[in-house]
Amino acid sequence: MSDLFWLTDEQMERLRPFFPKSHGKPRVDDRRVLSGIIFVNRNGMRWRDAPREYGPHKTLYNRWKRWGDMSIVMRMMDGLSAAKAEPQTIMIDATYLKAHRTASSLRFKKGDPGRLIGRTKGGMNTRLHAITDQNGRPLSFFMTAGRISDYTGASALLDSLPMAQWLLADRGYDADWFRDALEEKGIRPCSPGRRSRGKPVKYDKRKYKRRNRTEIMFGRLKDWRRVATRYDRCPNVFFSAICLAATVIFWL
């Protein structure tokens, strides 16, 4: 089939350093299996509907689940982004990802943090918080239930912020504690103030216009159907799908 996705030799060489070592029996062809995993995630397919050119669907799923549990995909994104990012100016934003009914059951075991799915006006959602470089390429993600505020995502991502001169954010991140934390890191915030503020906040409006690149980034991620709609109950598996999409779209 001519419309199948295949990783190139150059892309495989970039990804190979992040592959885990094979113990005992050698792994099945990495290029074929990983290309099949990408195809399934991009097109929102069931694993059993994967084209036969990629091999048995159980092999694809088992590799995907095992590497997700080992955080292999997250390490791919972190490693490739660290080598190619341009973080002089960084941006922060968040978006909603619709949860399918197969993933949206709220039942969980005692002691389990849950599935990171919450009920909002738009239904059952997961909220994805992201830090991007000045070109709108993702550097780090944080996932919460849909009803969680921007402040929670900002607090969680604060320690992972790279060295930068500016941080662009919309007025949803206008909080004194966040501005103070950025100043302590040597980062200047460029964000409009909330309308409830008595004194207007001064910011560089020309620089702030570049923030639309985060919206473009989220739009490109949502072109992948298993990202735009969450089918996976396990939050780690869904988070791996997000990192895989970001790696293929922006860093390969």
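The values are calculated or read from the model by the stated rules, or taken from the named source; none is laboratory data. The shown structure was predicted, so the numbers you read here are calculated from the model rather than taken from an experiment. Using ideal geometry, Cβ is built from the backbone for each residue, glycine included, and neighbour counts are taken over all protein chains shown. Just so you know, the surface numbers come from the protein's heavy atoms only, side chains and all, with ligands and any DNA or RNA stripped out. Shrake-Rupley method; radii C 1.70, N 1.55, O 1.52, S 1.80 Å.
Odds and ends about this structure:
- Among 23-32, 168-177, sorting by the average number of other beta carbon atoms lying within 10 angstrom of each residue, highest first, gives 168-177, 23-32.
- Net charge contributed by nearby residues that have their C-beta within less than 10 Å of residue 20 (K/R +1, D/E -1): +4
- Per-residue ellipticity at 222 nm computed for the chain from its helices equals -10500 deg cm²/dmol, with DSSP H segments shorter than 4 residues left out and the rest contributing -39,500 (n - 2.57).
- Amide H contacts of residue 139: 131, 132, 133, each under 5 Å away and 5 or more positions distant or on a separate chain (H built 1.01 Å from N in the peptide plane; Pro and chain starts excluded).
- When the alpha carbon gyration tensor of segment 1-120 is reduced to an equivalent ellipsoid, the three semi-axes, largest first, read 27, 23, 17 Å.
- The chain - share of DSSP beta bridges that are antiparallel (%, nearest 5): 70
- Pairwise FRET efficiency - residue 101 versus residue 177, Cβ, R0 = 30 Å, nearest 0.05: 0.20
- Amide H contacts of residue 124 (H built 1.01 Å from N, in plane; Pro and chain starts excluded): 99 sit under 5 Å, all sequence-distant by 5 or more or on other chains.
- Rolled with a 1.4 Å probe across the full set of protein chains, the surface gives residue 9 an accessible area near 120 Å².
- Across the chain, the convex hull enclosing all Cα atoms gives 156 Å³ per residue.
- Between residue 209 and residue 86, the FRET efficiency from the beta-carbon distance, with R0 = 25 Å, is close to 0.90.
- Working note: Karplus 6.51/-1.76/1.60 with θ = phi - 60° gives segment 74-90 the couplings 5, 5, 4, 5, 5, x, 5, 5, 5, 7, 10, 6, 10, x, 4, 10, 10 Hz, where Gly and Pro are set to x.
- Distance violations [Cα-Cα > 28 Å] among 25/65; 21/58; 121/202: 121/202
- Probe 1.4 Å, all protein chains present, accessible-area order of 13, 184, largest first: 184, 13
- Rounded to whole numbers, the Karplus 3J(HN,Hα) couplings from phi for segment 202-216 are 7, 8, 7, 5, 5, 5, 5, 4, 6, 5, 5, 5, 5, 5, 5 Hz, using 6.51 cos²θ - 1.76 cosθ + 1.60 with θ = phi - 60°, and x at Gly and Pro.
- Scalar couplings 3J(HN,Hα) for segment 39-51, obtained by applying the Karplus form with A = 6.51, B = -1.76, C = 1.60 to θ = phi - 60°, are 4, 5, 5, 5, 9, x, 8, 6, 4, 5, 8, 4, x Hz; x denotes Gly and Pro.
- Residues in segment 1-39 that a label on residue 46 would reach, taking backbone N under 20 Å of a point 7 Å out along Cα→Cβ: 36-39
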